[in-house]
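The values are calculated or read from the model by the stated rules, or taken from the named source; none is laboratory data. Just so we're clear, the structure is a prediction, and the values are computed from it rather than from any experiment. Here the Cβ positions follow ideal geometry from the backbone for every residue, glycine too, while neighbour counts run over all protein chains shown.
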Amino acid sequence: MVRPVRLAFLSAALLAAGCATALVRAGADTDRLTTRDEVRAEFGAPDATGEADGWAFDHYRTRRKMSELDRSLRMGLSGAMSLGLSEILAFPVEVGRLVGNTAAGQDLRFTYDRAGRVTSVSLDGQAPGVLPRERLADPDAAAGPDERPQP
């Protein structure tokens, strides 16, 4: 009796290997958007705009599926460390999150420097992806000396 149960779990894990990770990674990729014009071309007119801590922002309430690279990398690592067994739980959880986010929507916020370049992105208050290396290399240089918000 124990052997068929083990075989069933192993089969389910192998069949679902990487599906949760792929589901989290799928969707609109905010990391490729570098300017306010690109953001507005992709998402349209923002629901709200403003300035906080010296940085301009656009706020969107969206039902779109958003790519979450950082979460997908962590999920892939946990899948590898558990030999795929984490997929048994992770995939249904991610499907549930997708349905919930599509039904209720999510808050998406882009923050810009004075030149209109994207400096940060948040999805429900957290970073959905990993910014490309060149945008993280020297954020102060990208903002310019007179564009940095004062503490």
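Structure notes:
- When restricted to residues that are among the acidic types (Asp, Glu) and in a helix (DSSP H, G or I), the stretch 55-105 contains 3.
- Of 27, 76, 54, all but one fail to be in contact (Cβ under 8 Å) with a residue 12 or more places away in the chain and touching a helix residue (DSSP H, G or I) at 6+ places or on another chain (Cβ under 8 Å); the exception is 76.
- Members of the stretch 68-84 found to be out of contact with any Pro (no Cβ under 7 Å at 6 or more places or on another chain), crowded, with 19+ Cβ neighbours inside 10 Å and either under 21 Å from residue 117 (Cα atoms) or aliphatic (A, V, I, L, M) (or both), listed by number: 75
- From the list 8, 17, 13, 41, the lone residue that is exposed (fewer than 13 other Cβ atoms within 10 Å of the Cβ), modelled with pLDDT under 85 and at negative phi is 8.
Residue-wise test of (1) of a type in the set (Asp, Glu); (2) in contact with a helix residue (DSSP H, G or I) (Cβ under 6 Å, 6 or more places away or on another chain); (3) modelled with pLDDT under 90.
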site	(1), (2), (3)
104	no, no, no
111	no, no, no
127	no, no, yes
140	yes, no, yes
143	no, no, yes
